[in-house]
Amino acid sequence: MNAPRSSAQSQVSPARIRVFDTTLRDGEQSPGCSMTPPQKLVMARALAELGVDIIETGFPASSQSDREAMALIGREIRGPVLAVLSRCLRADIDTSLRALEAAARPRLHVFVSTSPLHREHKLRMSRQQVLDMAVESIRYAKQHIDDIEFSTEDGTRTEEDFLHEVVAAAIEAGATTINIPDTVGFTTPEEIRGIFQRLIAQVPGADRVVFSAHCHDDLGLAVANSLAAIEGGARQVECTINGIGERAGNCALEEIVMALKVRNAFFEADTGINTPRLVPTSQLLQRLIGMPVQRNKAVVGANAFAHESGIHQHGMLRHRGTYEIMRPEDVGWPSSQMVLGRHSGRAAVEQRLRALGYYLDERELELVFAQFKALCEQQRVVTDADLQALMQDAGEGEGYRLASMTVSDRGQRASATVELSDPEGRRVSETAEGDGPVDALFAALAAATGVQLALESYRVHSVGLGTDARGEANLSVRHGDDEYEGTGMSRDIIEASALAWLDVANRLLRQRRAAASEQLATA
Ligand code: KIV
Ligand code: ZN
């Protein structure tokens, strides 16, 4: 790699890199990734929304399904250039040109193998025959279409003098984009950078075309090699969402795009991608083909912005830049996620409790943290509901607790009786009537606690399935200028509602107590 350039040194405006998405062609042709034409259309809409420059929709000569997909996409998608792949054969080219008829901005992508291995064993052709085939096809296609991309399959394993000869001839014949594929993921960053530098410097007509890199991931180098190709002068990268593609896949779009964005000053290059659409687009593809990405996948994996170790969480709470080089929101995640588990420290637990409305003093936090650690011995991840259960068991910082309740709904009015233990451990019992069981219940709770809550919303839903199912009630209330939320969970939804009401009331009382002691301290 070249020595890193600092942003202060970088004066030139970034080069605009075209993003050529081949999810629907190279990605789709790999095992387990096939899509129907309507699914391809759904994906093409998402790719257009994402802002890719070129969508390769398929290989029309290979199947009726690819022809249908191209027709569907061509009729609807207007922004990006739409490309189809074709061998250097007249029949393939004719089929591709027909398939492209509906496209507003069509591109024909023709390819032929150029490496000695492919020439000898796959094509059984000489250098001259391969060169003639490329030139004839491009000349033929040029009579019908202007935007022609030419690919030298297995280009990175091709003798360099022959690669230069074919590329020069392709430009002369009318190709407008020259793509050098690393078909088997064999090259290295150093090597591919040199290949592009020399092509661009030495091939006649190189200044008239856009050079493109198409890297496969057999050695896990597809993104690094594509970045090196850009350093060598490539101005188009071919990639797929989630890196799907033949064998180990292609260069992952989300990774190369974010590498160029985050290290913009280093590469002096950027794309036109609408990055907050990266995660939704990745998730759409995962659902469409039923192939989830691994949790630790860069940018779009579930763990990409999750922090569990105590040291990392502590750092993150002080400054997110300590352990994050990009903002989750910038790639389409709602926010960073602090996963509470065995490795979490006191600071992260305290922060999560505060977010749930629990403000603990040092001694209380010590107790709850010990219980949290004990819980982590039994389960891998501790959720908000677990923390709330811990707080309930710990007496929720001395609030009201439900001892018993009865609700009856006979006749005109419903009535409810609640028995609570108050913060000092005394029993209080009240009965009230209301327009329905919940109304009566809330009135009885208000009478027993002396807290009046103006309900903003009340929701009950079921959590879990079968015999494990629980009712969860969520309340939000307005008190003065503040809004408070409470949750209660029980097998009985009326009891869950009572617990949610008390959750809010206790929070309010704790807040009042905290404000009162702060006032005393400053008086
Ligand atoms: O990997 C490859 O060589 C290809 C070409 C057909 C562009 O996908
Ligand atoms: Zn490929």
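The values are calculated or read from the model by the stated rules, or taken from the named source; none is laboratory data. Treat the numbers as computed from the prediction; the structure is a model and nothing was measured. All Cβ positions, even for glycine, are placed from backbone atoms using ideal geometry, and neighbour counts span all protein chains on display. The area values use the complete protein model at the heavy-atom level, side chains included, leaving out ligands, DNA and RNA. Shrake-Rupley method; radii C 1.70, N 1.55, O 1.52, S 1.80 Å.
Carbon-plus-sulfur fraction of the accessible area of the chain, 1.4 Å probe, in percent?
Its accessible area is 49 percent carbon and sulfur atoms.
For region 126-190, what size does the Cα cloud have along each of its three principal axes, sorted from largest down, in whole Å?
Sorted from largest, the Cα extents of region 126-190 read 37, 24, 16 Å.
Once both axes come from the Cα atoms, what is the angle between helix 64-76 and the longest principal axis of the chain, in degrees from 0 to 90, rounded to 10?
Its long axis makes an angle of about 70 degrees.
In whole angstrom, note down how far apart the Cα centers of region 158-218 and region 84-114 are.
Using only Cα atoms, the two centres lie 20 Å from each other.
Over the chain, what is the relative contact order in percent, taking alpha-carbon pairs closer than 8 angstrom and at least six residues apart?
Over the chain, the number comes to 9 percent.
What's the extension gain from Ala302 to Gln286 if we count 0.36 nm per residue and subtract their Cα-Cα distance?
Additional length available on full extension: 4.5 nm.
About the Cα centre, and with charges only on the beta carbon of Lys, Arg (+1) and Asp, Glu (-1), how big is the dipole of the chain? Nearest 20 debye, please.
The dipole of the chain has a size of about 600 debye.
Summing Lys, Arg as +1 and Asp, Glu as -1, what charge do residues with Cβ under 12 Å from the Cβ of Gly450 carry, Gly450 excluded?
Net of charged neighbours comes to -1.
Run the numbers for Glu377 and Asp439: contour at 0.36 nm per residue of separation, minus the present Cα-Cα distance, in nm.
18.2 nm
May I have the extent of the alpha carbons of region 71-198 along their three principal axes, as whole Å values ordered from largest to smallest?
Dimensions of region 71-198 along the principal axes of its Cα atoms: 41, 30, 25 Å.
Semi-axes of the chain's equivalent ellipsoid from the Cα gyration tensor, sqrt of 5 times each eigenvalue, largest first, rounded to whole Å?
Equivalent ellipsoid semi-axes, largest first: 63, 26, 18 Å.
Tell me, in nm to one decimal, what length is gained between Asp481 and Asp146 on full extension, where the rule is 0.36 nm per residue of separation less the Cα-Cα distance?
Gain on extension, Asp481 to Asp146, equals 114.2 nm.
Say each of Leu89 and Glu366 gets a label point 7 Å from the Cα, pointing the same way as Cα to Cβ; how far apart are those two points in nm?
With each label point 7 Å from Cα toward Cβ, the separation is 8.0 nm.
For region 1-128, what is the accessible area per residue in Å² when the probe is 1.4 Å?
For region 1-128, the solvent-accessible area averages 45 Å² per residue.
If you take every DSSP beta bridge fully contained in the chain, what fraction is antiparallel? Give it as a percent rounded to 5.
Bridges in the chain that DSSP calls antiparallel: roughly 45 percent.
Please give the helix 37-50 orientation as an angle from the longest Cα principal axis of the chain, in degrees from 0 to 90, rounded to the nearest 10.
Between the helix axis and the principal axis of the chain, the angle is about 80 degrees.
Considering the zone a paramagnetic label at Glu49 would reach in this model (a point 7 Å from Cα along the Cα-to-Cβ line), which residues of region 70-106 have amide N under 17 Å from it?
73, 76-80
Strictly greater than 12 Å: what percent of every Cα pair in region 50-94 meets that?
Everything past 12 Å amounts to 61 percent.
Give the ranking of Ser62, Ser226 by solvent-accessible surface, highest area first, calculated with a 1.4 Å probe.
Ranked from most to least accessible, the order is Ser62, Ser226.
At Val460 and Asp270, where each label point lies 7 Å from the Cα along Cα→Cβ, what is the point-to-point distance in nanometres?
5.3
By how many degrees, between 0 and 90 and to the nearest 10, does the Cα long axis of helix 160-173 differ from the longest principal axis of the chain?
90
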